[in-house]
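For reference, the structure discussed in these notes is given below.
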Amino acid sequence: MTAEKEQRNAEQRTLLPGSTIGILGGGQLGRMMALAGSAIGYRFVALDPTPDGPCGQVSEQIVAAYDDREAARELAKRSDVITYEFENVDADVASMLMAESYVPQGSELLYTTQHRLREKRAIEAAGVQVAPYSEIRSAEELREAANRFGLPCVLKTATGGYDGKGQWVIRSFDEIGEAYETLSRSGAELVLEQFIKFDKELSVIAARSPQGEVRTFPAAENIHVDNILHLSIVPARIAEDIQRKAEELAKRIAEGLGAVGLIAVELFLTPEGELFVNELAPRPHNSGHYTMEACRTSQFEQHVRAVCNLPLGDTSLLTPVVMVNVLGQHVEPLLARMARHDEAAKKLNVAPKVHLYGKKDAVHKRKMGHVNVLAADVETALHWIEETKIWKV
Ligand code: AMP
């Protein structure tokens, strides 16, 4: 990149309402970003290959593949500032956008978080601990590292994995050959992690603006089913000092990695009270959807404020909340029994706020929406979720 272009992207520009924000990606995260930003007066244009997708329904859209350079150039032309809603942005497109437009988030953090090894090294460099890990280049190295960490341990592809895909929990030394064969087939580099016997999985979302202001949202306690986020419980059922520690380390990561916009930090909490970072996402995160009604500022508004260099919003929690994801199989029962659920909600004095993303096909396990269940305490919200019987596994 030329010095002039670097300079342009490094400078702090403030984009006032009325400006157009271009989003690479047009899924639910883009949709909720556009909805929150439109309320303040920003305009949005998304680039996504699916016409009339979740974001395209509420913003302008350029219908093209993510790696279509011409379409990306068109996005640059129509936008005052560009952000993204997924991290697997094509490196070529990212550098072209950096050259032709204003991308305050830059491409370095994307480059770091696209690769588990790079990400772990960056987290460690920020002074935060990750689960012990080792780069794996052969079945022999895998055997040696598994011996060192002990079983079980988790083999992961360094790139391309999500929702538990590209992972193998090795429980016996007999599995080593097959695990290595299977995961290395894609050609991806591999990393072995010690298995953390965690008590809870937590996440903290931090926001940082180009001028260096940082704010964190309250930690969420996350419960996964089949590796897909099922519940986020806030306040997390953890001691106050752990809550503080989790927010502090998210802040340290946002500062250490020079993030702009949101960065979600996923954590394991051990029974001894130790925190290990599992992974990062430099974008709005599913575990932050609870902020939409439960915080003074939602993660989506905060992201818009951060990339536009506005003062960040107050992240205080207004009410206990449980976010429950609505997957393909949950949509039909949710809609069919809405009236009955409202009755139960009234009795328990909870407010279930339904969000649906406008996706057409309710495919099994596909994220279609979520419900933020606001209540006097998280137990009551969990009770309502149980009573609906929609999420019985
Ligand atoms: P990931 O794709 O890295 O977020 O992993 C998906 C899920 O696998 C996590 O949410 C954990 O429940 C589990 N997991 C991943 N890595 C580890 C680990 N090192 N120790 C224990 N559980 C893990």
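Listed values, structure above:
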quantity	calculated
Residue-span extension gain [SER186 to GLN129] - 0.36 nm each, minus C-alpha spacing	17.7 nm
Cβ-Cβ FRET estimate between ALA91 and GLN211, R0 fixed at 22 Å, reported to 0.05	0.20
Positive-end residue of LEU155, MET32, PRO210, charge dipole of the chain with Cβ unit charges	MET32
Reference-scaled alpha-carbon Rg (2.2 N^0.38 Å with N residues) for the range 314-393	1.10
Dipole magnitude of the range 200-392 about its Cα centre (Cβ charges: Lys, Arg +1; Asp, Glu -1), debye to nearest 20	660
Residues LEU16 and LYS165, FRET efficiency given R0 of 30 Å [Cβ-Cβ distance, rounded to 0.05]	0.15
Values of log10 I(q)/I(0), in the order q = 0.09, 0.15, 0.22 Å⁻¹, for the range 199-323 under a Debye, Cα-only, solvent-free model	-0.21, -0.60, -1.29
Accessible area per residue in Å² at 1.4 Å probe, computed on the chain	43
Magnitude of the charge dipole, the range 132-194, Cβ model with Lys/Arg +1 and Asp/Glu -1, debye to 20	120
Portion, in percent, of the accessible area of the range 3-103 that falls on carbon or sulfur, probe 1.4 Å	47
GLU387 versus GLN329: modelled label distance in nm, points set 7 Å from Cα along the beta carbon direction	2.4
Nearby lysines by direct alpha-carbon distance to LYS346 (threshold 21 angstrom, same-chain neighbours under 8 apart not counted)	LYS389
Potential extension, ASP377-ARG296 segment - 0.36 nm per residue separation minus Cα distance	27.4 nm
Dipole magnitude (debye, nearest 20) for the chain, charges at Cβ of Lys, Arg, Asp, Glu	820
Nearest-0.05 FRET efficiency for GLU140 and ILE228, computed from C-beta distance (R0 41 Å)	0.75
Rg and Dmax [Cα atoms of the chain; Å; Rg one decimal, Dmax integer]	21.1, 63
Set LYS353/LYS392; LYS251/LYS392; LYS120/LYS392; LYS165/LYS365; LYS120/LYS165 screened for pairs whose C-alpha atoms are more than 25 Å apart	LYS251/LYS392; LYS120/LYS392
Carbon/sulfur fraction of accessible area - the range 132-194, other protein chains in place, 1.4 Å, %	46
Surface accessible to a 1.4 Å probe, ARG337 within the full protein complex, Å²	70
Net length gained if the chain between THR319 and ASP199 were fully extended (0.36 nm per residue, minus Cα distance)	40.8 nm
Descending semi-axes in whole angstrom, ellipsoid equivalent of the range 246-304, from the Cα gyration tensor	21, 15, 9
Accessible surface of the range 200-392, 1.4 Å probe, proportion on carbon and sulfur as whole %	47
Label-reachable residues, the range 372-389, where backbone N falls under 15 Å from a point 7 Å from GLU343's Cα toward its Cβ	387-389
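The values are calculated or read from the model by the stated rules, or taken from the named source; none is laboratory data. All figures in this text were calculated on a predicted structure; none of them were measured in a lab. FYI the Cβ positions are ideal-geometry reconstructions off the backbone, even for glycines, and counts take in every protein chain you see. We work out accessible area using only protein heavy atoms, side chains counted, and drop any ligands, DNA or RNA first. Shrake-Rupley method; radii C 1.70, N 1.55, O 1.52, S 1.80 Å.
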